[in-house]
Amino acid sequence: MRVAVTYEDKTVFQHFGHTPQFKVYDIEDQKIIKEQVIDTGESGHGALAGFLADNNIDVVICGGIGGGAQRALKEANIQFYGGVSGNADDAVRALLTGTLSYDSDVHCDHHTHNHHTCQNHCGEQKQGCLGNGGTL
């Protein structure tokens with residue numbers, strides 16, 4: 001299995017469509033066997049689903065994510081866990097142990113604002129950007 005986490009400065013980046021990088025984890029027997037950071041280049045929002053599919057990603061962990069990107073991931077058969085914050089490595093370890101705290105109703109409606117506004121709002125005041133919480 002390959003897991004990708006929206007990534008910046010060791011943490012889960014809070015706006016899927018503007019993530020500068022993904023940290024990718026190769027998983028075998030519920031253990032991380034390889035890690036690498038991949039730049040997203042000019043990809044954004046729905047185009048990132050193709051980028052992830054091209055990199056054989058099975059699961060995405062992210063912060064806020066809009067409806068279009070959610071649909072694109074579903075169409076690419078990529079499972080995602082949104083509404084996650086904190087350290088990226090810790091999030092993957094939590095996924096592997098079944099303790100990942102995520103938001104099954106995640107969304108980000110701030111696409112009319114600039115990237116930093118959405119990132120700050122999603123990352124610091126999640127109630128305005130995310131729905132009800134859940135645990136894997």
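Where a number appears in this text, it was derived from the coordinates with a stated rule and is not lab data. Just so it is clear, the model here is predicted, and its values are computed rather than measured. We place every Cβ from the backbone using ideal geometry, glycine too, and count neighbours over all the protein chains shown.
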Would you please give the residues with an amide H less than 5 Å from that of HIS15, counting only those at least 5 places away or on a separate chain, with H modeled from the backbone geometry? GLY63, GLY64
For VAL60, list long-range residues whose amide hydrogen, built 1.01 Å from N in the peptide plane, is under 5 Å from its own amide hydrogen. ALA4, GLN79, PHE80, TYR81
Could you check the spin-label model distance between GLN30 and ASN55? Points 7 Å from the Cα along Cα→Cβ, value in nm. 2.6 nm
Mind ranking 61-68, 99-106 by how tightly packed they are, going by the mean number of other C-beta atoms within 10 angstrom, highest first? 61-68, 99-106
Diffing the range 53-64: the Karplus 3J(HN,Hα) column from phi (6.51, -1.76, 1.60, θ = phi - 60°), in whole Hz with x for Gly and Pro, holds 4, 4, 9, 6, 7, 9, 9, 10, 10, 8, x, x
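Set the Förster distance to 22 Å, then compute FRET efficiency between THR99 and ARG2 from the Cβ-Cβ distance, nearest 0.05.
Values: r = 20 Å, r/R0 = 0.92.
For R0 = 22 Å, the calculated efficiency reads 0.60.
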Kindly flag which residue pairs out of LYS10/LYS31; LYS31/LYS74; LYS23/LYS74 have an alpha-carbon separation exceeding 23 Å in this structure. LYS31/LYS74
